[in-house]
Amino acid sequence: MGQDIQPAYRAVRRGSTDQGVAGPRFTGHLVKRARSGYTAAMKFLDQAKAYVKAGHGGNGCASFRREAYVEFGGPDGGDGGRGGDVWVEAVEGLNTLIDFRYQQHHKAERGGHGMGKQRHGRSGASKVLKVPVGTQIYEEDRETLLADLLEVGQRVMVARGGNGGWGNLRFKSSTNQAPRRANPGEPGEEFTIWLRLKLIADAGLLGLPNAGKSTFLSRATAARPKIADYPFTTLNPGLGVVDLGPDTRFVLADIPGLVEGAAEGTGLGHRFLGHVERCKVLLHLVDCTQDDPAGAYLTIRAELEAYDQELAAIPELVAMSKVDVLDEELVDEQAAAVAAVCGQTPLRLSAVAGTGVKDALGGLARTLARARQNEFDLDPVSPRPRAGWMPEQ
């Protein structure tokens, strides 16, 4: 723990400060301030492990009616209640899995036990894990996909609660009029699952570190990512909404820069590439001020292919960034070198000066519209069945 927050923690533990006794609200404020330096770097978390356990079913009851002036009471034991289930639900307003770092065990409530006088136990309350839209749920092996939550309100059951046991009232018959048997409740399911968040964006930015991705995002949207003149300024993915008109809006994602050898874990590795897997178009920024722009382009393409062939097949626009730094002749030479290896004429833009930004956004919008149209043509929406329609027997 850093020296600068030690006094705050000591004041919290004593329950007093220089101004007097610290109340509960002020104490919490001190703790929050003391920890702020540590939590700032942990706000975004895209992978988390969770242990989920459904509730056990309640036990059945074996009892008999004993009441004055009632000659033949008979069995009256009630059934146990059903255990609660564990659900995972996608909700609006979340963009990180940080809550699952501090609470990894999630258990539903057990069902109530049966009682005499034919009273059944109540069902246990279900446990709902709230996650951001775009969260994928994997089994413990981290390979078997259980569900992919793509819409707000979408939910999936990951652990089913156990059924309640039968009371002895269930076992009475003409040949067994006084059963003394009751069943125990069934155990609930329990699993370890992995949650992986893949941000839902329409377009994504790619490039080496310091290629100008965060600056482009800040120019094109209202997002305010960290911008500096050193590599790996962006440590977490960022999102922004591009608004080109009432009918042309899309979400743009910026991920930390890739370097050569990212497939082997160099730099930040491939950890954040999953956030652009859902994108329908990519904007590949190449810094025109570097010595080998063609090599920089090929480096990123090689890392994409090493990560996933489907990601490498996403439509791509190539743009030369920071064109305001060099004169036009040098920019032409650098662009020609990149065009020779990418197979298209690179766009030219400067996010700082605002040059070419609208052209790049317009190209993204047109490519995105074509991609959406292709998806519609391949998977058209099926017409709804008419009222009263039934499947043929």
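The values are calculated or read from the model by the stated rules, or taken from the named source; none is laboratory data. Please read these numbers as outputs of a predicted model, since none were measured by experiment. Ideal geometry is used to build each Cβ from the backbone, glycine not excepted, and the neighbour counts take in all protein chains shown.
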Discussion item. Looking only at the range 70-99, count every residue that is farther than 30 Å from Ile193 by Cβ, modelled with pLDDT of 90 or more and either part of a loop (DSSP other than H, G, I, E, B) or touching a Cys at 6+ places or on another chain (Cβ under 7 Å) (or both) and tell me the total.
Written reply: 4
Item to complete: For the range 186-217, enumerate the residues that are under 27 Å from Asp292 (Cβ atoms) and among the small types (Gly, Ala, Ser).
Response: Ala203, Gly204, Gly207, Ala211, Gly212, Ser214
Item to complete: Check the range 171-181 and report whether any residue there is in contact with a Phe, Trp or Tyr (Cβ under 9 Å, 6 or more places away or on another chain) and crowded, with 22+ Cβ neighbours inside 10 Å.
Response: no
Fill in: Subset of the range 288-327 [surrounded by fewer than 22 Cβ atoms within 10 Å (Cβ to Cβ), assigned to a loop (DSSP other than H, G, I, E, B) and β-branched (Val, Ile, Thr)]
Thr289, Ile314, Val325
Discussion item. So, Lys172, is that one in contact with an Asp or Glu (Cβ under 7 Å, 6 or more places away or on another chain) and either modelled with pLDDT under 95 or on the phi < 0 side of the Ramachandran plot (or both) or not?
Written reply: no
Worksheet entry | Every pair of residues 6+ apart whose Cβ atoms lie under 8 Å, when the first sits in the range 103-121 and is assigned by TED's automatic domain parsing to the domain that holds Asn163 and at positive phi while the second is surrounded by fewer than 17 Cβ atoms within 10 Å (Cβ to Cβ) and not in a strand (DSSP E or B) | Lys117/Arg65
Item to complete: Report, ordered by the first and then the second residue, all pairs with beta carbons closer than 7 Å, sequence separation of six or more or different chains, a first member in the range 215-239 that is at negative phi and at pLDDT 75 or above, and a second member that is among the acidic types (Asp, Glu) and buried (at least 16 other Cβ atoms within 10 Å of the Cβ).
Response: Leu217/Asp254; Pro225/Asp254; Pro237/Asp254; Gly238/Asp254
Item to complete: Would you point out the residue of the range 256-273, among those that are of a type in the set (A, V, I, L, M, F, W, C) and part of a loop (DSSP other than H, G, I, E, B), that is modelled with the lowest pLDDT?
Response: Leu268
Item to complete: Mind listing whichever residues of the range 100-127 are surrounded by fewer than 16 Cβ atoms within 10 Å (Cβ to Cβ), under 28 Å from Asp148 (Cβ atoms) and modelled with pLDDT of 90 or more?
Response: Gln103, Gln104, His105, Ala125
Worksheet item: Looking only at residues in the range 32-69 that are of a type in the set (D, E, K, R) and modelled with pLDDT under 80, which one is surrounded by the most Cβ atoms within 10 Å (Cβ to Cβ)?
Response: Arg35
Discussion item. Among the residues of the range 198-235, what is the count of those that are under 22 Å from Ala90 (Cα atoms) and surrounded by fewer than 19 Cβ atoms within 10 Å (Cβ to Cβ)?
Written reply: 1
Fill in: Selection status of Ala159, in contact (Cβ under 8 Å) with a residue 60 or more places away in the chain, touching a helix residue (DSSP H, G or I) at 6+ places or on another chain (Cβ under 9 Å) and aliphatic (A, V, I, L, M)
no
